[in-house]
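Below you'll find the structure, written out as structure tokens, and then a few comments.
The values are calculated or read from the model by the stated rules, or taken from the named source; none is laboratory data. The structure presented is a predicted model; accordingly, all values stated were derived computationally and were not measured. Cβ atoms come from the backbone with ideal geometry, glycine included; neighbour counts cover every protein chain shown. Areas reflect the complete protein model, heavy atoms only, side chains present, ligands, DNA and RNA absent. Shrake-Rupley method; radii C 1.70, N 1.55, O 1.52, S 1.80 Å.
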Amino acid sequence: MTPASLIAARGLDPLNTPPDSIALAVAVPETVQLADGDAILRLALATEPEGDSFAVDETVPLRLSSSDDDLPEAQTGQTIYLARLGPEEAERIAEAQAQITALRAAGPTGQGSLTVAVTGGCLLGPVPASLPVSTWLQTDPGAGFVQLTRQRDMFRVLDPADAAALRAGLLPCGT
């Protein structure tokens, strides 16, 4: 996260925000096309200090569109997709929120996490040399998006084997 994001994130409340109010923005190179389900939202509560045991762990696919006036401004060469939860996915996230709230009220310690990940997509051109991805979160429709992650080249942050698998999995659109 950026320092400004950390400050702005203090005002976000993903645990108490109605899931249908949660919106995400995902920026990818304009040569990468995303469709519904190519990005996911994960809400989890780890109960062990190492984070290996989860009392709550819900992952849902997101519905994507590339047109919305309220999205963060795209940089040259990138497309920003608006990501929202469908009705069934919103219900699953609401159940996870309720479970985490109940666990916290009972007093157990734990580390919560909210994760957005791009897990699919196709290429409108050749495999790019880099794969920069950025994410933003909005929990109040009347407020702007808060940047969750700075632009990071997924090919560089992944270990070499995972980066190679990602490159190999990026196929031309329509295949």
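Below is a table of values for the structure above.
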{"read-out": "Candidates 105, 164, 74, 129 - the one that is free of Cβ contacts under 8 Å to residues at least 60 places away in the same chain and under 16 Å from residue 56 (Cβ atoms)", "value": "105"}
{"read-out": "Yes/no for residue 148 being within 13 Å of residue 23 (Cα to Cα), part of a strand (DSSP E or B) and free of Cβ contacts under 8 Å to residues at least 60 places away in the same chain", "value": "no"}
{"read-out": "Filter result for residue 103 (open to solvent by less than 70 Å² (accessible area, probe 1.4 Å), out of contact with any Pro (no Cβ under 8 Å at 6 or more places or on another chain) and over 14 Å from residue 14 (Cβ atoms))", "value": "yes"}
{"read-out": "Of residues in segment 90-121 being under 16 Å from residue 22 (Cα atoms) and within 14 Å of the chain's Cα centre (by Cα), the one modelled with the highest pLDDT", "value": "93"}
{"read-out": "Failed item, numbered, when residue 162 is tested on (1) part of a helix (DSSP H, G or I); (2) open to solvent by less than 50 Å² (accessible area, probe 1.4 Å)", "value": "(2)"}
{"read-out": "Subset of segment 124-150 [among the aliphatic types (A, V, I, L, M) and surrounded by 17 or more Cβ atoms within 10 Å (Cβ to Cβ)]", "value": "131, 133, 137, 146, 148"}
{"read-out": "Count of residues meeting criterion [farther than 12 Å from residue 85 by Cα and surrounded by fewer than 18 Cβ atoms within 10 Å (Cβ to Cβ)] in segment 34-64", "value": "11"}
{"read-out": "So residue 83, is it assigned to a helix (DSSP H, G or I) and at pLDDT 85 or above", "value": "no"}
{"read-out": "Residue within segment 114-135 that is aliphatic (A, V, I, L, M), over 22 Å from residue 37 (Cα atoms) and out of contact with any Phe, Trp or Tyr (no Cβ under 7 Å at 6 or more places or on another chain) present", "value": "yes"}
{"read-out": "Subset of segment 1-19 (residues that are in a helix (DSSP H, G or I) and either at pLDDT 90 or above or under 18 Å from residue 100 (Cα atoms) (or both))", "value": "19"}
